[in-house]
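Q: What follows is a structure written as structure tokens; I'll ask about it next.
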Amino acid sequence: MNRRLGVLISGRGSNLQAIIDAIRSDRLDATIAVVISNRSDAAGLTRARDAGVETVVLNPREYAGRDAYDRAIVEVLRAREVGLVCLAGFMRLIGRPLLDAFPARILNIHPSLLPSFRGLDAQRQALAHGVRTTGATVHLVTADLDDGPIVLQAAVPVLDDDTVETLAARILVEEHRIYPEAIGIVLDGKWKIDGRRFITIG
Ligand code: GRF
């Protein structure tokens, strides 16, 4: 599979950093072709620039609607010959134009053990529900929010004295470990989709 990544961010970019670090230390054989942000103030943009990675800011307000915005993203990705799109804290729903342009070629990281606690504030949801175990999930993106075949998951305990912040920090360590690993697995191409399941072969 084409090993050129397009990473989409909206904020801090610590998962982007984990991908950059994994590539630098030869744990991940890939190139980040471009980092796209919907916000010009995303801290992750600085991380990309520091790593010498091209950045593009696409402001949704400058587009007629969601489809037009998604088409603009596709244009940027195609122009850089991106093979795999990695959502890394990208706070927008992914629409048809992007899904159709990269079928089974978009990954997302979510801070819970899906299908528990989809959507925003997954760590807060886990605490509020009182689960003893939560974690992180890397999955292929489909039209449904935080759905799609699961590539990797990692579990972390919820401790009695956890706050949203301490729990989120514990989950983040696992996010940074499994996201580059999952990208490597997908890029290696030895997998198939069977219903909801992501199955590695060979
Ligand atoms: C992470 O918790 C990720 O799981 C979620 O958004 C957060 C992004 O953090 N989708 P960062 O921008 O990668 O630091």
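Values in this text are rule-based calculations from the coordinates and carry no lab data. Note that this is a predicted model, so its numbers are computed, not measured. A quick note on method: Cβ atoms are made from the backbone with ideal geometry, for glycine too, and the neighbour counts reach across all protein chains shown.
Q: Using modelled amide H (1.01 Å from N, peptide plane; none on Pro or chain starts), what sits under 5 Å from the amide H of Leu28, excluding residues fewer than 5 places away?
A: Under 5 Å from the amide H of Leu28: Ile23.
Q: Now a separate question. Just the Cα atoms of the chain, one point each, no solvent: what log10 I(q)/I(0) does Debye give at q = 0.11, 0.15 Å⁻¹?
A: Log-scaled intensity ratios, in q order: -0.48, -0.92.
Q: Can you give the helix-only mean residue ellipticity at 222 nm for the chain, where every DSSP H stretch with n ≥ 4 adds -39500 (n - 2.57) and the sum goes over all residues, rounded to the nearest 500 deg cm²/dmol? Kindly include the intermediate steps, with their values, before the conclusion.
A: Details: 6 runs with 72 residues, N = 202.
Mean residue ellipticity at 222 nm (helix-derived): -11000 deg cm²/dmol.
Q: Counting alpha carbon pairs within less than 8 Å and at least 6 residues apart, what relative contact order, in whole percent, applies to the chain?
A: Values: 390 pairs, mean separation 40.8, N = 202.
Relative contact order, the chain: 20 percent.
Q: Right, another one. By how many degrees, 0 to 90 and rounded to 10, does the Cα axis of helix 14-24 deviate from the longest principal axis of the chain?
A: Computed tilt is about 70 degrees.
Q: For labels at Ala128 and Arg78 in the simple 7 Å Cα→Cβ model, what's the distance in nm?
A: Each label point lies 7 Å from its Cα, and together they span 4.1 nm.
Q: Once you put a point 7 Å from the Cα of Arg177 and another 7 Å from the Cα of Arg61, both along the Cβ direction, what distance in nm separates them?
A: 4.1 nm
Q: Mind listing the phi-derived Karplus ³J(HN,Hα) values for the range 53-66, rounded to whole Hz, using 6.51, -1.76 and 1.60 with θ = phi - 60°, and x for any glycine or proline?
A: Working through the residues one at a time gives 9, 5, 10, 9, 9, 10, 8, x, 5, 8, 10, 5, x, 5 Hz.
Q: Only Cα pairs within less than 10 Å get springs; with that Gaussian network setup on the chain, which residue of Ala126, Ala169, Ala33 has the largest fluctuation?
A: Result: Ala169 has the largest fluctuation of those listed.
Q: Can you list the residues, at least 5 places off or on another chain, whose amide H is less than 5 Å from the amide H of Asp121, using H built in the peptide plane?
A: Here nothing satisfies the definition.
Q: Amide H of Gly89: which non-local residues (sequence gap of 5 or more, or other chain) have their own amide H closer than 5 Å, using H built in the peptide plane?
A: For Gly89, whose amide H was placed from the backbone, the distant partners under 5 Å are Ile109.
Q: Going by average Cβ density within 10 Å per residue, which order do the peptides 171-178, 53-60 take, highest to lowest?
A: 171-178, 53-60
Q: Stick to the Cα atoms of the range 1-56, pair each with every other, and give me the Kirkwood hydrodynamic radius in Å at one decimal. Walk me through the intermediate numbers first.
A: On the way: mean 1/r = 0.0901 Å⁻¹.
Hydrodynamic radius (Kirkwood, Cα only) of the range 1-56 equals 11.1 Å.
Q: Within the range 62-93, name every residue whose backbone N is under 14 Å away from a label modeled 7 Å from Cα of Ala51 along the Cβ vector.
A: Of the residues in the range 62-93, 85-89 have backbone N under 14 Å from the label point off Ala51.
Q: OK, next. Could you tell me what percent of the DSSP beta bridges with both partners in the chain are antiparallel, to the nearest 5? List each step's numbers first, then the result.
A: Working: 15 of 31 bridges.
Counting only bridges with both partners in the chain, antiparallel ones make up about 50 percent.
Q: Please give the Cα centre distance for the range 13-84 versus the range 131-202, rounded to the nearest Å.
A: Spelled out, the Cα-based centre of one part sits 20 Å from the other.
Q: May I ask you to derive the FRET efficiency for Ala143 and Thr166 from their Cβ-Cβ distance with R0 = 45 Å, giving the value to the nearest 0.05? Mind dumping the intermediate values first?
A: Numbers: r = 34 Å, r/R0 = 0.76.
For R0 = 45 Å, the calculated efficiency reads 0.85.
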